[in-house]
Amino acid sequence: MTDKKEKQEKTIIIGSGPAGMSAALYAARANLEPLVLSGMELGGQVSVTHIVENYPGFPEGIEGPKLVENFQKQAERFGTKVEFDSATEVDLSTRPFRVKTWGNEYLAETLIITTGATPRHLDIPGEKEFTGRGVSYCATCDGHFFQGKDVIVVGGGDSALEEGLFLTRYVNSVKIIHRREELRAGAILQNRAFKNDKVEFIWNTVVTEIIGDGIVDTVKLKNVKTGNEEELKTDGVFIFIGHIPNTDLYEGQLELDENGYVQVDRFMQTSVPGVYAAGEVADSHFRQVITSAGMGAGAAMQAIHFLEDHS
Ligand SMILES: Cc1cc2nc3c(=O)[nH]c(=O)nc-3n(C[C@H](O)[C@H](O)[C@H](O)COP(=O)(O)OP(=O)(O)OC[C@H]3O[C@@H](n4cnc5c(N)ncnc54)[C@H](O)[C@@H]3O)c2cc1C
């Protein structure tokens with residue numbers, strides 16, 4: 001870090017998804033005038049969600065971008081400052097903590113990390129184009145839209161099987177496409193999937209392209225053993241090949257679990273006093289707007305107490 005004069009903040013929130021904006025709302029209402037560093041995706045994953053139907057208070061559901069706008073407006077109403085900037089470096093070795101961004105350097109008395117986790121992508125043609133139009137990374141979020149439809153699930157781990165089985169509540173059929181001929185998922189899940197009449201497996205196969213006209217219609221498949229290619233009609237492509245927590249900045253400074261998620265206690269406290277983490281960056285299990293928002297609110301409440309105790 002350089003010797004440039006740092007701006008002083010009571011609370012900096014890194015990330016502007018549901019966890020970050022909820023933390024901002026709570027911190028702002030305690031007059032902390034928090035600074036939110038939005039990152040490249042203002043509003044986080046919700047900004048790319050067509051409609052959110054499981055966040056309470058919106059009986060008809062709410063479009064993702066509208067929910068993002070509401071979150072931001074509500075947090076700003078009480079004094080939150082939102083900067084369209086990303087944290088590029090943090091120094092958590094002493095308090096106040098140093099945060100460097102593309103444009104500025106800051107000192108923060110407390111830090112709330114809400115940088116989320118990114119679903120792993122297949123990186124194939126059509127994937128980006130059809131996200132929210134038949135391509136999904138969340139069965140809990142989108143399963144309901146596929147009543148009576150035929151879908152595929154890509155993956156062979158616990159989450160692919162769990163989410164595939166969850167989808168059978170709604171859909172007519174689930175074809176699980178797996179690049180190997182053995183699953184990584186646990187035995188109980190495997191048994192459940194093998195016994196379920198709606199679930200079928202396509203082994204040694206990868207999806208190479210997603211095709212449609214406005215919405216998903218077909219996928220191109222390739223058998224990795226024989227090299228054979230074929231097309232399969234489908235209404236939905238659910239991709240469960242893992243998540244990558246956005247925690248590079250904190251490596252060696254905060255305790256992370258074996259998958260790279262920030263470790264927190266039930267008060268969202270990280271291994272460094274005064275540094276909190278909330279939402280998907282610290283939660284590989286629930287991965288929802290409401291759970292992330294709840295964690296964000298909790299982290300801010302703890303940061304408020306911390307500042308009261310250390311002023
Ligand atoms: C297509 C899709 C549909 C979904 N549908 C639903 C649904 O219907 N219902 C539901 O409950 N959940 C849904 N989810 C899941 C939900 O969106 C996530 O659980 C939730 O957004 C996680 O919130 P978060 O705040 O923890 O992280 P994110 O939303 O991932 O936000 C992370 C934030 O961190 C920022 N960031 C990252 N790195 C930096 C950095 N270095 N500096 C500054 N900022 C940084 C990003 O710009 C972003 O603003 C969906 C997800 C997807 C992808």
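Please treat every number below as a calculation from the coordinates, not as lab data. Please read these numbers as outputs of a predicted model, since none were measured by experiment. Note that each Cβ is placed from the backbone with ideal geometry, even for glycine, and that neighbours are counted across all protein chains shown.
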Original post:
Can you name the strands (runs of 3 or more DSSP E) wholly within segment 9-113 that have at least 1 residues being away from the ligand (no atom under 13 Å from the Cβ)?
Top reply: 81-83, 87-91, 97-101, 105-113
Subject >> Boolean, VAL219 is buried (at least 20 other Cβ atoms within 10 Å of the Cβ) and in contact with a Leu (Cβ under 7 Å, 6 or more places away or on another chain) >> reply: yes
Original post:
In this structure, is ALA277 of a type in the set (A, V, I, L, M) and free of Cβ contacts under 8 Å to residues at least 24 places away in the same chain?
Top reply: no
**OP:** Could you pull out the residue among ALA187, ALA160 that is under 11 Å from ILE239 (Cα atoms) and of a type in the set (A, V, I, L, M, F, W, C)?
**Re:** ALA160
